[in-house]
Amino acid sequence: MRIVRYLKRSGAKPAWGWVSEDRVGRLDGSPFGPYGRKEAKDHLGRVCLLPPVEPSKIICVGRNYAAHAAEHNAQVPERPLLFLKPPSCVIGPDEPILLPPQSENVEHEAELALVIGRGGRWIRPEKAADHILGYTAANDVTARDLQRLDGQWTRGKGFDTFCPIGPWIETDLDPADALITCYVSGQMRQMGSTRDMLFPVLTLVAFISSVMTLNAGDVILTGTPAGVGPLHDGDEVTVEVEGVGELTNPVRLDNRKVE
């Protein structure tokens, strides 16, 4: 099933929904608890899709593909390399990625993301699937020059709009061999398969939960294949995950005034 958060009209409250072909139906309840499905009546093109979840935290995995580590002349980690993005990074489909004035080198990173459905701590790998609600596409947007300058990754990864996710949560996906591609203004930049992950999905859930409690709605970004590259004002970037769908965002300069 494909689960969405959406607005039916301007001024309405966000609602949970489910997608059937090109129609959206409302969920009576939350996907993190009991719910019922109402008839899918609304046309998908006539509603506004929001980020499919509002996470309390976004846990990311660095260098989880050997080829991506190699393109940065970085060592392959012996254990999952974790960092966090703040929830204020999150945007949904068609929302603009804003290029901050502090950076001269912002890059895309196409990724498979998973959404925690049932929280837990010290989750065993063989039980990890029971804690996953489903999967979505993500873009771990990165100010590469600031990441290298700081050493610590918080600033380079943490700007507002630097975590597009969507367009929905797919609950029926085998994450073992899903193709991930990224296009920038129609040009393919990245193509890789989740089979090439150094640390697969269930291992990541178990490892992360040995460090911190995972809450329902938390998002885990599982790493990016090789081929990351620059984004410029006027670009349009699309992340596609096989079996999930496409996540497209325009790229714009951040011209907001300092308050």
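Per this entry, Trp153 is counted among residues that are farther than 24 Å from Arg5 by Cβ, buried (at least 19 other Cβ atoms within 10 Å of the Cβ) and not β-branched (Val, Ile, Thr).
In region 31-42, the count of residues that are buried (at least 19 other Cβ atoms within 10 Å of the Cβ), in contact with a helix residue (DSSP H, G or I) (Cβ under 7 Å, 6 or more places away or on another chain) and outside the structural domain of Pro93 (by TED's automatic domain parsing) is zero. For Ala12, the requirement of being free of Cβ contacts under 8 Å to residues at least 40 places away in the same chain and not assigned by TED's automatic domain parsing to the domain that holds Thr213 is met. Looking across Glu170, Glu240, one residue alone is modelled with pLDDT of 95 or more and closer than 27 Å to Glu104 by Cα. It is Glu240.
The rows are residues; the columns are (1) out of contact with any Phe, Trp or Tyr (no Cβ under 9 Å at 6 or more places or on another chain); (2) more than 22 Å from Glu54 (Cα to Cα); (3) modelled with pLDDT of 95 or more.
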| site | (1), (2), (3) |
| --- | --- |
| Thr142 | no, no, yes |
| Asp150 | yes, yes, yes |
| Phe159 | yes, no, yes |
| Ala178 | no, yes, yes |
| Val205 | yes, no, yes |
| Thr222 | no, no, yes |
| Gly227 | yes, yes, yes |
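Only one of the listed residues (Val90, Val76) is in the same structural domain as Asp218 (by TED's automatic domain parsing), closer than 14 Å to Thr142 by Cα and not basic (Lys, Arg). That residue is Val90.
From the list Gly62, Gly11, Gly25, which residue is exposed (fewer than 15 other Cβ atoms within 10 Å of the Cβ) and either on the phi > 0 side of the Ramachandran plot or of a type outside the set (Lys, Arg) (or both)?
Values: Gly62 fails: exposed (fewer than 15 other Cβ atoms within 10 Å of the Cβ); Gly25 fails: exposed (fewer than 15 other Cβ atoms within 10 Å of the Cβ).
Result of the check over Gly62, Gly11, Gly25: Gly11.
The values are calculated or read from the model by the stated rules, or taken from the named source; none is laboratory data. Predicted model only: the values in this text are computed from it and were never measured. Positions of Cβ are backbone-derived with ideal geometry, glycine not excepted, and every protein chain shown enters the neighbour counts.
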